[in-house]
Amino acid sequence: MADSIILLLILIGLELVLGIDNILVISIFVGKLPAKDRNKARFTGLALALLARIIMIYVIVSLTRINSTVFLNFSIKDLILIAGGMFLLWKAVNEIHQTVEIKDDDDEGPSINVGKTFAYIIIQIVMLDIVFSIDSVVTAIGMTNHLWVIISAVLISFIAILGFSIPIGNFIIKHPSVKILALSFLITIGITIFMEGMHKDVPKEYIYLPMGFALFVEMLQMRYTYNKRKNRIMQKRQAKKKVG
């Protein structure tokens with residue numbers, strides 16, 4: 001029993017680390033919706049992704065050929081990673097284009113169908129969650145035969161990701177520069193996933209360390225901008241006092 005608890009904690013940690021990608025995707029995708037629909041989309045997308053992940057656990061347990069070659073030199077897992085990486089690349093580049101190419105209200109064209117957009121975003125969240133989680137699920141199944149341990153880790157990490165996705169999502173929406181940086185991260189992650197599907201090993205530290213450094217630099221820039229704006233406000237107030 002003690003071994004199962006230790007293994008559960010390890011799997012929770014693994015799910016949370018890999019869940020960073022999920023938080024970025026969810027935060028960016030739901031940001032396209034009206035504010036009143038964002039939490040609903042966030043919860044619905046994660047809940048369906050959770051259900052899909054649990055189903056995937058049972059499927060992979062019964063599907064022993066997940067790592068066996070099915071097409072040329074590629075397995076089912078490889079094909080999922082290649083398709084998911086290409087989709088993530090396309091989506092991130094498209095989102096960067098839409099964010100950078102700011103249009104006037106008069107140029108927006110027809111109004112957005114919120115219902116269709118909501119459903120489309122939910123589908124994308126579920127699809128990308130499957131791509132992001134396939135490695136962690138395969139790893140977890142390789143570590144233990146106790147399905148209750150794996151499913152418990154998925155459930156606990158789901159609650160944590162849901163909690164973190166709200167403040168992170170609001171922060172990204174509030175700061176466009178951070179959104180563009182997050183989308184750039186998704187491009188890197190998409191390339192990494194694609195390369196893994198092509199049997200090219202990409203050390204994770206080569207990905208996450210530069211991403212962390214870039215985020216640190218962006219935080220310094222935001223702090224500088226905040227202090228500069230604060231000093232200008234203070235100077236204006238002092239000038240008004242002198243005039244008065």
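Before moving on, here are some points about what is shown:
- Residues Y120, Y208, Y226, ranked from the fewest to the most other C-beta atoms within 10 Å, line up as Y226, Y120, Y208.
- Cβ crowding within 10 Å averaged over residues, with 48-56, 81-89, 230-238 ranked highest first: 81-89, 48-56, 230-238
- Neighbour-count ranking [beta-carbon atoms within 10 angstrom, fewest first] of I134, I159, I26, I207: I159, I207, I134, I26
- Under 13 Å, Cβ to Cβ, from A49 - net charge with Lys/Arg +1 and Asp/Glu -1: -1
- Residues E15, E205, ranked from the fewest to the most other C-beta atoms within 10 Å, line up as E205, E15.
Here, each number is a calculation from the coordinates, and none is a lab measurement. In this text, all values refer to a predicted model and were calculated from it rather than measured experimentally. Virtual Cβ from ideal backbone geometry, glycine too; neighbours counted across all protein chains shown.
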